[in-house]
1. Count, please, the residues in the stretch 116-151 that happen to be surrounded by 12 or more Cβ atoms within 10 Å (Cβ to Cβ) and either aromatic (F, W, Y) or assigned to a loop (DSSP other than H, G, I, E, B) (or both).
2. Do we have R44 as at pLDDT 80 or above, assigned by TED's automatic domain parsing to the domain that holds L159, over 30 Å from L105 (Cβ atoms) and buried (at least 16 other Cβ atoms within 10 Å of the Cβ) here?
3. Can you say whether L103 is touching a strand residue (DSSP E or B) at 6+ places or on another chain (Cβ under 6 Å), at pLDDT 90 or above and over 30 Å from G35 (Cβ atoms), as far as the supplied structure shows?
4. Taking the condition among the basic types (K, R), at pLDDT 85 or above and surrounded by 13 or more Cβ atoms within 10 Å (Cβ to Cβ), does R58 pass?
5. Which pairs turn up if I take residues in the stretch 86-108 that are farther than 21 Å from D134 by Cβ and look for partners that are in a loop (DSSP other than H, G, I, E, B) with beta carbon separation below 7 Å, at least 6 apart in sequence or on another chain?
6. Given the condition under 20 Å from the mean Cα position of the chain (by Cα), closer than 23 Å to R51 by Cβ and surrounded by 12 or more Cβ atoms within 10 Å (Cβ to Cβ), answer yes or no: does some residue in the stretch 158-166 qualify?
Amino acid sequence: MSVPIEDQQSSPQSEAHNDLWPDHGADFVLISEGGLPSRIALGRERMLISRLYLGLLRTITDDYGTDLSAHSDSLTLRTIGIYVFLRTVICSPARAHQIAQALKLPRGTVLKRLQDLVKAGYVERVGNAYRVTDKVNISDLQIRLQRRIDMITDTAKKLSEVTLRN
């Protein structure tokens, strides 16, 4: 999905890109229209969404360290953690079976990952339900969230430009 930095031409867009995605390296550099494989339908749109998704996942890893990424099934762990966070924010702690249903995961997997999150201190059990703890309030939270918002906004802008061209 990326090309080596030396193969790219410098442009205002690539300058802005470097400021917005500074910590992600060459894997997050967009390639030109001509470099996309024609066999992949909607390749540019899917590349932009993939870059955003991976970038957001990486920022979560950067923010919370190896607690969430050291597991062999860290994507499931983070997904469950995000869902528990969402339910906590809307003042509706979730039960394990609700989480399993909502995320379409086996209940046993959800229970195991919830135990991991409890052990790491990010989630607590309240009766039969789960909610996040204050440990989710990391330092520099506003700056970190603004970086994610900028990534989303940048991707949305690029997607709208692709849509206008097609």
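The values are calculated or read from the model by the stated rules, or taken from the named source; none is laboratory data. Computed from a predicted model, the values in this text were never measured in an experiment. For neighbour counting, all protein chains shown are included, and Cβ atoms are generated from backbone atoms with ideal geometry for every residue, glycine included.
1. Of the residues in the stretch 116-151, 4 are surrounded by 12 or more Cβ atoms within 10 Å (Cβ to Cβ) and either aromatic (F, W, Y) or assigned to a loop (DSSP other than H, G, I, E, B) (or both).
2. Yes: the conditions hold for R44.
3. Against the criterion (touching a strand residue (DSSP E or B) at 6+ places or on another chain (Cβ under 6 Å), at pLDDT 90 or above and over 30 Å from G35 (Cβ atoms)), L103 does not qualify.
4. Considered against the rule, which asks whether it is among the basic types (K, R), at pLDDT 85 or above and surrounded by 13 or more Cβ atoms within 10 Å (Cβ to Cβ), R58 comes out as no.
5. The qualifying pairs are R95/N128; A100/P106.
6. Yes: one or more hits.
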